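The values are calculated or read from the model by the stated rules, or taken from the named source; none is laboratory data. In this text the structure is predicted, and so the values were computed from the model without any measurement. With ideal geometry, Cβ positions are generated from the backbone for all residues, glycine too; neighbour counts draw on all protein chains shown.
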Amino acid sequence: MGILQILTKLPSFSLASRCLIKAWPMCRHICAVQSGTPLAEALELFEVKMLKEERLQPEESNYTVLIGGCGRAGYVKKAFKLYSDMKKRGLVPTDATYTALFNACAESPWKDSALQHALKLRKELMDKNIQLNPITYRSLLKVCSMCSGLQGSIEIFKEISQKVCVNTPEIFNVLFMGCIKDEKLGFLYALQVWRQMLRMGVKPDINTYNLLIRATRDCGIGDAAEALHLLMQSKDLAPLSLSAGKEEQGRKSNGVKKRKEGCEEIRSQPLLSRSSSDISDDTAIDLAGFSSVSSLDASNLPNLLDLSINTDKMVSLANVNTPSDRLALIGDLGGILKKMKGDKVSPTIKTFTLLAEVVKAESGSESTLLSIMDAYGIQPDLTFFNTLVLNRSKTLNLKSALKLLPTMAQRGFAPNMHTFCNLAKACHKKEDGLKLLQDMTVAGFCPNNNVYSTLINVAIKRLDYDYLTYILRDMRNRSVAPNEVVIRQLEFAAQYPPDFDRNLKKNVYLEKIDGFRGYYNRWLEWMGAEETEHPWQKYKYTKVHSDSNEIN
């Protein structure tokens, strides 16, 4: 029985209410539990039992702690409702209150609305001439980074730099989050933020490196020639110059055009090309087999993480299209680990899991990662192996992905639902998909919507309507109700091409889509849909007062 249930069963509930509200800060971290029940119970106990039934006078700390719980859940509407009620009662908010409100905006799934709430709150604080402390500033910066990307957070960063001593990496880590929001230019922005951080004498921590690897995995570098020009200006580059972003959107000056003409783009050459006289036998590094991390060394290619880059013999920057390409620009696997060692930062299992998503599948880097992890004394977990499986499955090579299962078994790990879902990405043939579903049954798993959605996505990309029909039959046989995502996928697959004319000519592809459409319409009548729960439904409670039929 939880603390909330115990307290509500005490003889004197008035005393229990006071005890709970004062003890709540000790157990506030349970608000992050996925079920959301502790937060929902706390809100009900506070708003119904304490305020309405017991008519107790709350304190500022009571509101702040509950707002903090809403903040960790991203429950913006409830957080600001509590804030409004708090002010109506004449209670004075504290820095912790404002921090919690900004955090709620940062964590909200509705970024546009959350940003408006945050900007309105900031204006209110400015009108009242309330100075923010470093922690509250960081939460405000997080809102701007998470909701509008790096572009929207630069002004806040400049304001923080003027009013607060920035000597730790936390502020820059928030900026990296903003970089990751931009899929096209986020990697370039991350490199610029990294350089700005080094110029200010701030050393990265493990979170910085993890975020940098995320940017390498998820984001592009924009125009390669212009990116190279910006990054080569190690001394003259203005702090956090975002000119590349503006140029990418079409606002390019004549000077930029001239620099582009001067940058020789050789798309068929390596990422950072050099003259043949500078290439030696030890340029390429083989990391496999190293037993000591100190033995690791990056290649002789320039590392864009360095403030000073030797570009005398560099020709061009080209073919930066994949995560492994971008990793090569920052020293590849060996270069990253060497940088971390120089900064006295120890990688974690999360670091290696992120690297597993970035390295080339089947390039030898996977076994190298395991060897390096052993050298650091870090044990791989199931998430790490699932990442390796996913990395290979993305190449649509199912046999290659399945070869990782014996390695997992040797390390003491059995496949779970995520493993099968990742394997499904490589099942581009109907036989492979149906075999995977059978194997899941043998292993004691019942395929869920995530697995079926993955298989449906693969079948749609291959325009294999027989495959789609078999997937739907399997879902019906297993009584797996489709969710909203699956229905959207199937509705897309069932659409005719926009220029379709049945009388114009016979089309084998359209004959297959007709067969699928016929079965799909009957399938919809047989299957019940799985309702998608609203994100905040788990935090709502039924009022027990006179309005007991209403939902908060």
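Take the residues in region 408-423 that are touching a residue at least 24 places away in the same chain (Cβ under 8 Å), in a helix (DSSP H, G or I) and not hydrophobic (A, V, I, L, M, F, W, C), then tell me which one is surrounded by the fewest Cβ atoms within 10 Å (Cβ to Cβ). Ranking the qualifying residues of region 408-423, first place goes to His418.
Inside region 192-230, residues that are hydrophobic (A, V, I, L, M, F, W, C), within 17 Å of Leu355 (Cα to Cα) and either in a helix (DSSP H, G or I) or outside the structural domain of Lys341 (by TED's automatic domain parsing) (or both) make up a count of 5. A Cβ distance below 8 Å, combined with a sequence gap of six or more or placement on separate chains, defines the contacts here; from region 322-338, residues that are within 16 Å of Gly364 (Cβ to Cβ) reach residues that are acidic (Asp, Glu) in the pairs Gly334/Asp297.
Here Thr395 fits the description: part of a loop (DSSP other than H, G, I, E, B) and either modelled with pLDDT of 95 or more or within 27 Å of Ile330 (Cβ to Cβ) (or both). Of the listed requirements (1) of a type in the set (A, V, I, L, M, F, W, C); (2) surrounded by fewer than 18 Cβ atoms within 10 Å (Cβ to Cβ); (3) modelled with pLDDT of 90 or more, Trp110 misses just one: (3). With Leu370, Leu396, Leu405, Leu382 as the choices, which residue is of a type outside the set (Asp, Glu), at positive phi and out of contact with any helix residue (DSSP H, G or I) (no Cβ under 7 Å at 6 or more places or on another chain)? Within the list Leu370, Leu396, Leu405, Leu382, the selection yields Leu396.
One line per residue, one yes/no per condition, for (1) aromatic (Phe, Trp, Tyr); (2) surrounded by 12 or more Cβ atoms within 10 Å (Cβ to Cβ); (3) at pLDDT 70 or above; (4) in a loop (DSSP other than H, G, I, E, B):
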| position | (1), (2), (3), (4) |
| --- | --- |
| Ile471 | no, yes, yes, no |
| Gln495 | no, no, yes, yes |
| Phe516 | yes, yes, yes, no |
| Ser546 | no, no, no, yes |
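For region 421-440, a residue qualifies if it is closer than 20 Å to Thr387 by Cβ and of a type in the set (Gly, Ala, Ser), and the qualifying residues are Ala424, Ala426. Residues in region 137-151 that are within 15 Å of Ser108 (Cβ to Cβ) and free of Cβ contacts under 8 Å to residues at least 40 places away in the same chain: Leu140, Cys144, Ser145, Ser148.
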